[in-house]
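These notes concern the structure reproduced below.
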Amino acid sequence: MVFNSFTFIAFFIIFLILHNLPFSWKVKKINLLIASYIFYAAWNPPFILLLWLSTVVDYFVGRALYTQPNKHKRHVLLVASLIGNLGMLCFFKYGTFLLDNFVGLVNILGFDYHPATPNIILPAGISFYTFTTLCYTIDMYKRRGEPVKSLLDFSLFVTFFPHLVAGPIVRPHQLVPQFETPRNASRQQFFDGLFLLTLGLFMKSVLADGILSVAADPVFSSKAGLSALDAWTGVLAFSGQIFFDFAGYSTSAIGVALCLGFILPQNFLYPYAAIGFSDFWKRWHITLSAWLRDYLYIPLGGNREGTFRTYINMMITMLIGGLWHGANWTFVVWGGIHGFYLWIEKAITDRRTKKLSFLADVKSSPVNSKAPIAQSLLSVNPQFGLLKALLTFFLICITWVFFRSATFSGAWLLLLGMAGQIHQAQPVLATITIIKVGVIIVLMLTFHWLMRNTTVLQVVSKVPWWTVGIVWSFMLILLLLSQESGKSFIYFQF
Amino acid sequence: MPSTPLVKSALLAIIVTLVAATSWEIHLRQRGVKPDFDNDADLWTNKRKMVYEPSDQATVILGSSRAAYDIDIPTYEHLTGKRAVQLSMDGSSPRTVFDDLANDPKFKGKVILDVTEMLFYNNIPFMLSTPAENLAYYEKETPAQKVSFTLDVPLEANLVFLNQGFFSLNALLNLFHLKDRPGFQPDLPFPLEFNSTDFNRQNRMTDKFLIDTSLQNRVRGIWMMVNGMLPPPIKGKDLVANLQNLKVNVTKIRKRGGDVIFIRTPSSGPVAEIESKVFPKSEYWDKMIAATNCKGVHYKDYPELSDFFCPEFSHLSPRDAMVYTKHLVTILKTDKNWN
């Protein structure tokens, strides 16, 4: 089920009441686990079996990885876990993609091969819960932390419904200890949680679905070339839509968990206020980028194997990060462009660091006619921060074209439109739609810039209660008016 | 971080929201707006699931908006003793859904298929998109969506402001009419009063629409504009292939014990003239009946069906719909031996 639905509202109210009844902690955990399975089954009941399989296998494999003294057997267990988890992910998510590419390659080589296309349903959240269980088994292999003591706690770690389907991707040490100790939400946590849940639903239903998708969808589904105005409006609308949709989900998930007394990690920190791409990836889908850093980039060697390998490792990580998002080469290209941006940024940073080191040496010498220049290079000019952030946002918007387009030809046509190369194109967006998108995007960028070093709850704690109440009611009223219920989140398809 | 109790903020938010929502609801009711249902994929799906009832207990009604306005469901059900399962979709071709029923091995029922030629014989994307979306929703409906629909029904039945087409945030923002660029095709500006949909997917014009000629003229203008935008009608080999496809589907349904009857609901004034000119009865209706070997009830063939006047030239008023349905049922029983 999705957070923005009547079903979830009813489910959550019932569960909140149940969770606050005077049961033992173990009973509460069992209720929470059953509720989480109901939450997942409400999408497609048979796929519960897949979740159970993944949970049970990785619990026992994780324990064995930790306790097994024989290095060779530990390797075998790790490989088995990787093959099991990634194999399952590959089959369901990439099965058709791999087959299509194989058929394409074989046909190019001259063989006439046209198998029937399998109808593989993608289980909701498989990319997320697979990564969650993988980080446990890898941590157990490296003996980072202790194995989870009970299958109940491990099942909850994997299946805890707020984060199950679309993250945040949690690490064992972030969540398991919270299940091991009895807890109830304090009054502050409960109301903080409700506020975040409202904010998340507002971002998703009102902004993403209600306003921005109305502009993004016709632009990205257009088969004809578009004017620069339509093309840019659609791409900007999607840049907002994907943020509000995904950050809205994460915010709702964090809020729901908080209402139950559990704390999930932040997943977004105003990414469109990022200055540069390293900064962007510390602010966008934080738990995924951290996972890729810790379980892919660093094991590949990270930046410890020299400059050339650093660049290669960076690109591999971004390409796989792109592929994680979907079974299409456009996602790989999206990841590749981000990898390219990171290359450029790293090259500039490395060169600047060398220059600064040189000038720092010069500065420290008694006769330094270059001291004023060195000073200016050593200091960071805050006036340029906003410009750099806008430049970063602009370049990220280019990448969203590949992320959202179904085909390369569609992406290329849209890019041509953005560059003003399509003439006499038929308009596809109403003037009022363009204005709505413009207002929302400007407000979004302003909000991101002002909030880039703080959080919503920190701001809420400093603002008068009646102001918070008015803002809260504004969000609730617009939620009622938007009447956009039940649309699934974009990241559910990943 | 100092703790700030949000309890007062939450209470204020709830009070303000309830007052705002209640005020808005009262305001709309004072304007004469009545509750109705969003004619969405979930409502359509709810009806689609009913097609498997035995054919002596239910009849599927399929077509475009005319079938939804002109066949009065309570009248039909009262006279026939059968449930009317309304699957028609406004502004859409019924062919996609008819294909789906024909290819559904579990469907063995009877279909009254209404023909609005400009939609029935066209494959323009906008005429096919809603049926495709509704079918996709039906096929993939999740347990959570079923529960949401069940919870939503009493809300939509009782709250006027829950009308996505006219009172959602987007619809309200779109009331700020700004000049669009030349060449932009806006959504068709149907007035709120033109349509009210109930839980059975019965469409009805409101009383206000029936007495307000400016609203009727607005809709008439829309039909004239739409007629001017359509491509030339299919002819020759394309028409033959089209009718052949229809015949195949009729045959599939009949082989399973079901049946299909075609109807052509009334139209008036310039709309009827254009339709007669572009889709002559002898070239389309008569050929379709011959090709499919089906029975048909064309309004022009029966005096009791030919005298209706459509307020906006294309759909019957609620009162005329009851009369039309009564005559239709009589003709189906006595003249067509179709029960």
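The values are calculated or read from the model by the stated rules, or taken from the named source; none is laboratory data. For clarity, every value in this text was computed on a predicted model and none was experimentally measured. Every residue, glycine as well, gets a Cβ built from its backbone with ideal geometry; the counts of neighbours run over all protein chains shown.
Output the residue which, of all residues in the stretch B:263-283 that are touching a residue at least 12 places away in the same chain (Cβ under 8 Å) and assigned to a helix (DSSP H, G or I), is surrounded by the fewest Cβ atoms within 10 Å (Cβ to Cβ).
Filtering the stretch B:263-283 for residues that are touching a residue at least 12 places away in the same chain (Cβ under 8 Å) and assigned to a helix (DSSP H, G or I), the one surrounded by the fewest Cβ atoms within 10 Å (Cβ to Cβ) comes out as B:270.
Of all residues in the stretch B:129-156, which are more than 14 Å from chain A (Cβ to nearest Cβ) and either hydrophobic (A, V, I, L, M, F, W, C) or not in a helix (DSSP H, G or I) (or both)?
First, pick out the residues of the stretch B:129-156 that are more than 14 Å from chain A (Cβ to nearest Cβ): B:130-131, B:134-135, B:138.
B:135, the sole residue that qualifies.
Does residue A:83 qualify as being more than 23 Å from residue A:193 (Cβ to Cβ), without any contact (Cβ under 8 Å) to a residue 12 or more places away in the chain and in a helix (DSSP H, G or I)? Give the steps one after another, and end with the answer.
Values: more than 23 Å from residue A:193 (Cβ to Cβ): yes; without any contact (Cβ under 8 Å) to a residue 12 or more places away in the chain: yes; in a helix (DSSP H, G or I): yes.
When the stated conditions are applied, residue A:83 passes them.
In the stretch B:14-55, what count of residues is obtained for those that are among the basic types (Lys, Arg) and surrounded by fewer than 17 Cβ atoms within 10 Å (Cβ to Cβ)? Show your work before the answer.
Filtering the stretch B:14-55 for residues among the basic types (Lys, Arg) gives B:29, B:31, B:34, B:47-49.
With surrounded by fewer than 17 Cβ atoms within 10 Å (Cβ to Cβ) added as a condition, the list becomes B:29, B:31, B:34, B:49.
So the answer is 4.
Could you run through the stretch A:1-44 and say how many residues are closer than 21 Å to residue B:154 by Cβ, assigned to a helix (DSSP H, G or I) and within 11 Å of chain B (Cβ to nearest Cβ)?
Final tally of qualifying residues: 6.
Which residues, counting only those in the stretch B:202-232, are assigned to a loop (DSSP other than H, G, I, E, B) and surrounded by fewer than 17 Cβ atoms within 10 Å (Cβ to Cβ)? Let's see the steps before the verdict.
Of the residues in the stretch B:202-232, the ones assigned to a loop (DSSP other than H, G, I, E, B) are B:202, B:205-206, B:212, B:230-232.
Selection gives B:212, B:230, B:231, B:232.
Taking the stretch B:284-336 as the region of interest, how many residues are at positive phi and either buried (at least 21 other Cβ atoms within 10 Å of the Cβ) or in contact with a Pro (Cβ under 9 Å, 6 or more places away or on another chain) (or both)?
Within the stretch B:284-336, the subset at positive phi is B:293, B:313.
Those still in the list that are either buried (at least 21 other Cβ atoms within 10 Å of the Cβ) or in contact with a Pro (Cβ under 9 Å, 6 or more places away or on another chain) (or both) too: B:313.
So the count comes out to 1.
So for the stretch A:247-263 (the condition being touching a residue at least 40 places away in the same chain (Cβ under 8 Å) and touching an Asp or Glu at 6+ places or on another chain (Cβ under 8 Å)), does at least one residue qualify? Outline the logic, then answer.
Step one: list which residues in the stretch A:247-263 are touching a residue at least 40 places away in the same chain (Cβ under 8 Å), which gives A:247-263.
With the extra rule that they be touching an Asp or Glu at 6+ places or on another chain (Cβ under 8 Å), the set shrinks to A:255, A:258.
Yes, the conditions are met somewhere in the stretch A:247-263.
Residues in the stretch A:409-454 that are assigned to a helix (DSSP H, G or I), crowded, with 18+ Cβ neighbours inside 10 Å and of a type in the set (Gly, Ala, Ser): how many?
Qualifying residue count for the region: 3.
Test each condition in (1) in a helix (DSSP H, G or I); (2) among the small types (Gly, Ala, Ser); (3) modelled with pLDDT under 90 for residue A:124 and report the one that comes out false.
(1)
Based on this model, can you work out whether residue A:47 counts as in contact (Cβ under 8 Å) with a residue 40 or more places away in the chain and assigned to a helix (DSSP H, G or I)?
Details: in contact (Cβ under 8 Å) with a residue 40 or more places away in the chain: yes; assigned to a helix (DSSP H, G or I): yes.
Yes.
Residue under question is residue A:217, and the condition is that it be of a type in the set (Asp, Glu), under 18 Å from the mean Cα position of the chain (by Cα) and surrounded by fewer than 23 Cβ atoms within 10 Å (Cβ to Cβ); does it hold?
Values: of a type in the set (Asp, Glu): yes; under 18 Å from the mean Cα position of the chain (by Cα): no; surrounded by fewer than 23 Cβ atoms within 10 Å (Cβ to Cβ): yes.
Against the criterion (of a type in the set (Asp, Glu), under 18 Å from the mean Cα position of the chain (by Cα) and surrounded by fewer than 23 Cβ atoms within 10 Å (Cβ to Cβ)), residue A:217 does not qualify.
Which pairs have Cβ atoms under 6 Å, sit 6 or more apart or on different chains, and link a residue in the stretch A:317-329 that is assigned to a loop (DSSP other than H, G, I, E, B) to one that is among the hydroxyl-bearing types (Ser, Thr, Tyr)?
Cβ pairs passing all conditions: A:327/A:94.
Out of all the residues in the stretch B:119-137, which are closer than 16 Å to residue B:264 by Cα and within 15 Å of the chain's Cα centre (by Cα)? Before the answer, list the steps.
Here is the first cut: in the stretch B:119-137, the ones closer than 16 Å to residue B:264 by Cα are B:119-121.
Listed by number, the residues that qualify are B:119, B:120.
Looking at the stretch B:157-201, which of the residues that are outside any loop (DSSP other than H, G, I, E, B) and facing chain A (nearest Cβ under 8 Å) is farthest from residue B:87 (Cα to Cα)?
Restricting attention to the stretch B:157-201, the residues satisfying the condition of being outside any loop (DSSP other than H, G, I, E, B) are B:157-158, B:164-167, B:169-173, B:192-194, B:196-197.
Filter again for facing chain A (nearest Cβ under 8 Å), leaving B:164, B:167, B:169-170, B:172-173.
Numbers: B:164: 20, B:167: 25, B:169: 28, B:170: 27, B:172: 29, B:173: 31 Å.
Ranking the candidates gives B:173 first.
Could you tell me which of the residues A:89, A:65 is touching a residue at least 24 places away in the same chain (Cβ under 8 Å), outside the structural domain of residue A:260 (by TED's automatic domain parsing) and in contact with a Leu (Cβ under 7 Å, 6 or more places away or on another chain)? Spell out the reasoning first.
Numbers: A:89 fails: in contact with a Leu (Cβ under 7 Å, 6 or more places away or on another chain).
Result of the check over A:89, A:65: A:65.
Looking at (1) out of contact with any helix residue (DSSP H, G or I) (no Cβ under 7 Å at 6 or more places or on another chain); (2) of a type in the set (S, T, N, Q); (3) modelled with pLDDT of 90 or more, find the lone condition where residue B:185 falls short.
(3)
Could we say that residue B:123 is without any contact (Cβ under 8 Å) to a residue 40 or more places away in the chain, more than 9 Å from chain A (Cβ to nearest Cβ), polar (S, T, N, Q) and exposed (fewer than 15 other Cβ atoms within 10 Å of the Cβ) here?
Numbers: without any contact (Cβ under 8 Å) to a residue 40 or more places away in the chain: yes; more than 9 Å from chain A (Cβ to nearest Cβ): yes; polar (S, T, N, Q): yes; exposed (fewer than 15 other Cβ atoms within 10 Å of the Cβ): yes.
Answer is yes for this residue.
State all residues of the stretch B:79-115 that are more than 12 Å from the chain's Cα centre (by Cα) and within 19 Å of residue B:315 (Cβ to Cβ); if no residue qualifies, say none.
Once the filter is applied, which keeps residues that are more than 12 Å from the chain's Cα centre (by Cα) and within 19 Å of residue B:315 (Cβ to Cβ), the stretch B:79-115 yields B:84, B:112, B:113, B:115.
Somewhere in the stretch B:128-141, is a residue closer than 19 Å to residue B:200 by Cα and free of Cβ contacts under 8 Å to residues at least 24 places away in the same chain?
No.
Looking only at the stretch B:10-59, how many residues end up being more than 9 Å from chain A (Cβ to nearest Cβ) and under 26 Å from residue B:200 (Cα atoms)?
Qualifying residue count, the stretch B:10-59: 32.
Among the candidates A:224, A:185, which residue alone is modelled with pLDDT under 95, more than 9 Å from chain B (Cβ to nearest Cβ) and closer than 22 Å to residue A:266 by Cβ? Let's see the steps before the verdict.
Numbers: A:224 fails: closer than 22 Å to residue A:266 by Cβ.
Selected residue: A:185, the only one of A:224, A:185 that is modelled with pLDDT under 95, more than 9 Å from chain B (Cβ to nearest Cβ) and closer than 22 Å to residue A:266 by Cβ.
Rundown of residues vs (1) surrounded by 23 or more Cβ atoms within 10 Å (Cβ to Cβ); (2) within 25 Å of residue A:448 (Cα to Cα), yes/no style:
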position: A:142; (1), (2): no, no
position: A:146; (1), (2): no, no
position: A:150; (1), (2): no, no
position: A:166; (1), (2): yes, yes
position: A:171; (1), (2): no, no
position: A:181; (1), (2): no, no
position: A:184; (1), (2): no, no
position: A:189; (1), (2): no, yes
position: A:210; (1), (2): yes, yes
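Would you confirm, using the coordinates I've provided, whether residue B:218 is in contact (Cβ under 8 Å) with a residue 12 or more places away in the chain, under 23 Å from the mean Cα position of the chain (by Cα) and on the phi > 0 side of the Ramachandran plot? Steps first, answer last, please.
Values: in contact (Cβ under 8 Å) with a residue 12 or more places away in the chain: yes; under 23 Å from the mean Cα position of the chain (by Cα): yes; on the phi > 0 side of the Ramachandran plot: no.
When the stated conditions are applied, residue B:218 does not pass them.
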